[in-house]
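So the structure is just underneath, and the comments pick up after that.
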Amino acid sequence: MTAGIGIDAHVARFEKAHDDYSAIMLKALADRLAEAAAEHFHERVRRELWGYAADETFTNDQLVREEYRGIRPAPGYPACPDHTEKGKLWRLLDVERNAGMHLTESFAMTPTAAVSGWYFAHPRARYFAVGKIDREQVADYARRKGMSFEETQRWLGPILGYEP
């Protein structure tokens with residue numbers, strides 16, 4: 001989801017007027033709105049669409065502590081460090097046509113005020129971070145993804161436990 005469609009012209013206008021504060025604030029507001037939308041829809045999934053937590057009621061503090069059931073990890077974050085997984089989401093959901101969002105060649109989302117990810121509802125689902133991996137793990141992952149070792153190694157650079 002995104003809250004950034006259409007803001008580029010406004011950001012450019014602010015920047016042209018040397019109003020960096022307004023440009024930064026607009027980008028920050030759009031980013032926070034995208035995150036809020038992700039939280040809102042995660043709640044709707046829990047309470048209405050999948051309905052496994054129809055009667056949940058949490059305070060804001062409980063929501064911040066993520067006391068609800070389920071997680072929403074995203075490609076590029078510690079639990080899913082491989083940004084290329086966004087490509088699958090884009091194809092499955094036809095994101096460009098349905099949401100007007102695009103991926104760059106480095107799998108950055110545009111507009112930049114955007115979030116993507118998966119919802120997992122299992123009661124024992126918890127966030128975690130993938131630790132450093134070795135060459136054997138990279139080779140196995142590359143084989144399963146149908147990618148070359150070199151390409152896989154490039155995408156997983158931040159979690160490599162060795163020097164390429």
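The values are calculated or read from the model by the stated rules, or taken from the named source; none is laboratory data. Because the structure is predicted, anything quoted here is derived from the model rather than measured. Cβ coordinates were reconstructed from backbone atoms using ideal geometry, including for glycine residues, and neighbour counts include every protein chain displayed. For accessibility, only protein heavy atoms count, side chains too; no ligands or nucleic acids. Shrake-Rupley method; radii C 1.70, N 1.55, O 1.52, S 1.80 Å.
Shape class for segment 1-70, computed from the alpha carbon gyration tensor (a ≥ b ≥ c): prolate, with a/c not under 1.5 and a/b above b/c. Rounded to the nearest 0.05, what FRET efficiency do Arg143 and Ala28 give with R0 = 45 Å and r taken as the Cβ-Cβ distance? Could you check? Efficiency, from the Cβ-Cβ distance: 0.60. Excluding same-chain neighbours fewer than eight residues apart, the aspartates and glutamates reachable from Lys88 by a Cα-Cα span under 18 Å are Glu96, Glu105, Glu151. For segment 55-114, the calculated P(r) over all alpha carbon pairs, in 5 Å bins from 0 to the bin holding the longest distance, is 4, 15, 20, 19, 11, 14, 14, 2, 0 percent. Calculation over all alpha carbon pairs of the chain in 5 angstrom steps from 0 returns a P(r) of 1, 8, 13, 16, 16, 15, 14, 10, 6, 2, 0 percent. Net charge near Leu63: determine it from the other residues with C-beta under 9 Å of the C-beta of Leu63, scoring Lys and Arg +1 and Asp and Glu -1. Residues near Leu63 contribute -4 overall. On the protein heavy atoms, probe 1.4 angstrom, tell me the percent of accessible surface of segment 52-100 carried by carbon and sulfur. About 51 percent, which is the carbon plus sulfur part of the accessible surface. With K and R counted +1 and D and E -1, the other residues having a Cβ less than 13 Å from that of Ala28 yield a net charge of -1.
Under the convention that each Lys and Arg Cβ holds +1 and each Asp and Glu Cβ holds -1, the size of the dipole of segment 1-139 around its Cα centre is about 280 debye.
Across segment 99-164, counting alpha-carbon atoms alone, Rg and Dmax equal 15.1, 39 Å. Magnitude of the charge dipole for segment 99-158, about its Cα centre and with charges confined to Cβ atoms of Lys, Arg (+1) and Asp, Glu (-1), is about 280 debye. Per residue, the accessible area of segment 1-154 comes to 66 Å² when a 1.4 Å probe rolls over the protein heavy atoms. Positive end of the dipole of the chain (Cβ unit charges, origin at the Cα centre): among Met25, His10, Val130, the Cα lying farthest that way belongs to Val130.
The lysines within cross-link reach of Lys86, meaning a Cα-to-Cα straight distance under 27 Å and a gap of 8 or more places when in the same chain, are Lys27, Lys132, Lys145.
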